[in-house]
Amino acid sequence: MPHTLRHAQAMEWLQSLEWPPRGQAGVLDASALQSFDSSALACMIELKRRALERGVVMRTVGIPDRLGRLAQAYGLAELI
């Protein structure tokens, strides 16, 4: 994931990304995320949906603490 993922960047980033990469496991590394809002969660859920459509189990690593707390507050922690 990019360093910054806010509402203004979310749609463009999603459209530019082939997910999961063909022939690779669905591991999403969120450790670079420094500046984000709830759009980052929406992006992660969309990537999980794409992975499931291709029969790939997505695993997320490196979730920043603040993003993890945001996911819990919205009841989305289980989805990411």
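Observations
- Near residue 36, the amide H atoms lying under 5 Å from its own belong to 5; only residues 5 or more places off or on other chains count, and H is placed 1.01 Å from N.
- Residue-averaged 222 nm ellipticity for the chain, from DSSP H runs of 4+ at -39500 (n - 2.57), nearest 500: -13500 deg cm²/dmol
- Computed in the context of the full set of protein chains, the accessible area of the chain at 1.4 Å probe radius has 52% of its extent on carbon or sulfur.
- Expressed as a fraction of 2.2 N^0.38 Å, the C-alpha radius of gyration for the chain is 1.01.
- Note that the chain presents 61 Å² accessible area per residue, ligands and nucleic acids not counted, probe 1.4 Å.
The values are calculated or read from the model by the stated rules, or taken from the named source; none is laboratory data. Predicted, not measured: the structure shown is a model, and the values here were computed from it. We work out accessible area using only protein heavy atoms, side chains counted, and drop any ligands, DNA or RNA first. Shrake-Rupley method; radii C 1.70, N 1.55, O 1.52, S 1.80 Å.
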